[in-house]
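Here, each number is a calculation from the coordinates, and none is a lab measurement. All of these numbers come straight from a predicted model, not from anything done at the bench. Backbone-built Cβ (ideal geometry, glycine too); neighbour counts: all protein chains shown.
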Amino acid sequence: MWTYEKRLQFPINIKNPNPAMAKFIISQYGGPDGEIGASLRYLSQRYTMPYKQCVGILNDVGTEEMAHFEMVATIVHQLTRNMTIEQVKEAGMEAYFVDHTAGIYPVAASGVPFDAMCFASKGDAITDLVEDMAAEQKARTTYDNILRMIDDPDVIAPIRFLREREVVHFQRFGEALRVVQDNLDSKNFYAFNPSFDGSMMRKNK
């Protein structure tokens, strides 16, 4: 259950449309390291996470990622609204335009549509949290690459905010991993799945 506030987590007011810029920023909407995949990853993983503190972190971050893909969609929308056919062609967006016009569709910068293979839920606490930390680093790198290619301050500000949140999420997942490790015998970090085998072992004691 969520309470939805009808405002963006960070204000976005882009004055100059730029479909060429939208063409690669959209990767953080539906690309392999984008915000949709992140949200689905964390909100799916929480069910098999054996420790409440870790469940809370996955729920918090997964919910925030929903706000982030709303932000990325808004950026893409504001960069493409009122664009002309000439701008579509100049940006190399003909294929996207034919299928979606200026609608927001989850796709990578490469043109590959979003797929559930973009996120992982393994049901193993250590596996999932290490995956999550790597995912946040990959998303941060993508935002770094986007920042290298843009010069519009109206776009730079929200992208920098999103990048900063990836760093915070990486740290929070590091905390969650420490909680898991603190609850396990250090010699058995990889000997059994604490989400499955650990519960079975406790029942058999």
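Over segment 19-203, Cα pairs under 8 Å with separation of 6+ residues give a relative contact order of 30 percent. Around VAL72, what is the net charge, scoring Lys/Arg as +1 and Asp/Glu as -1 over all other residues with Cβ under 14 Å from its Cβ? Here the charged neighbours net out to -2.
Arrange TYR4, TYR143, TYR29 by Cβ neighbour counts within 10 Å, fewest through most, would you?
Lowest count first: TYR4, TYR143, TYR29.
Using the alpha-carbon positions of the chain, Rg (one decimal) and Dmax (whole number) come out as 19.3, 71 Å. Quote the FRET efficiency, to the nearest 0.05, computed for ASP60 versus THR101 with a Förster distance R0 of 30 Å and r equal to the Cβ-Cβ distance. E between ASP60 and THR101, to the nearest 0.05, is 0.25.
Work from the charge dipole of the chain (Cβ charges, +1 for Lys and Arg, -1 for Asp and Glu, about the Cα centre) and give the residue of VAL179, LEU147, PHE69 farthest towards its positive end. Of VAL179, LEU147, PHE69, it is VAL179. Rounded to the nearest whole Hz, the Karplus-based 3J(HN,Hα) values (6.51 cos²θ - 1.76 cosθ + 1.60, θ = phi - 60°) of segment 109-123 follow the sequence 4, 6, x, 7, x, 4, 9, 4, 5, 6, 9, 10, 9, 9, x, with x at glycine and proline. About its Cα centre, the chain has a charge dipole of approximately 540 debye under the convention of +1 per Lys or Arg Cβ and -1 per Asp or Glu Cβ, with nothing else charged. For the chain, the longest principal axis of the C-alpha atoms and the axis of helix 153-182 are separated by about 10°. Taking the charge dipole of the chain about its Cα centre, with +1 at Lys and Arg Cβ atoms and -1 at Asp and Glu Cβ atoms, the residue from PRO11, MET93, ASN82 reaching farthest to the positive side is PRO11.
What's the lysine pair count for segment 19-203 at a Cα cut-off below 20 Å, pairs eight or more apart or interchain?
Lysine pairs satisfying the spacing and distance rule in segment 19-203 number 5.
What is the helix-to-structure angle for 125-149, meaning the angle in degrees between its Cα long axis and the longest Cα principal axis of the chain, kept from 0 to 90 and rounded to the nearest 10? Compared with the principal axis, the helix lies near 20 degrees. If you take every residue apart from ASP144 with its C-beta less than 14 Å away from the C-beta of ASP144, what net charge results, scoring Lys and Arg +1 and Asp and Glu -1? Once all neighbours under 14 Å are counted, the net charge is +2. Label separation (VAL167 vs LYS52): 3.3 nm, computed from points 7 Å beyond Cα along the C-beta direction. Among LYS23, LYS89, the ranking by other beta carbons within 10 Å of each residue's beta carbon, starting with the fewest, stands as LYS89, LYS23. Overall form of segment 110-169: oblate. Here a/c, set by the Cα gyration tensor axes a ≥ b ≥ c, is 1.5 or more, and a/b is not larger than b/c.
Which of rounded, prolate, oblate describes segment 1-72, given a ≥ b ≥ c as roots of the alpha-carbon gyration tensor eigenvalues and a/c under 1.5 marking rounded, otherwise prolate only if a/b is larger than b/c? Oblate. Taking PRO11, PRO106, PRO50 as the candidate residues, the one with maximal mean-square fluctuation in a Gaussian network model of the chain, Cα springs under 10 Å, is PRO11. Each of VAL112, VAL76 was scored by other Cβ atoms within 10 Å of its Cβ. Arranged with the fewest first, they read VAL112, VAL76. Measuring r between the beta carbons of GLN87 and GLU175 and using R0 = 30 Å, the FRET efficiency lands at 0.10. Within the listed set ALA22, ALA95, ALA109, the residue fluctuating most in the Gaussian network model of the chain (springs between alpha-carbon atoms under 10 angstrom) is ALA95.
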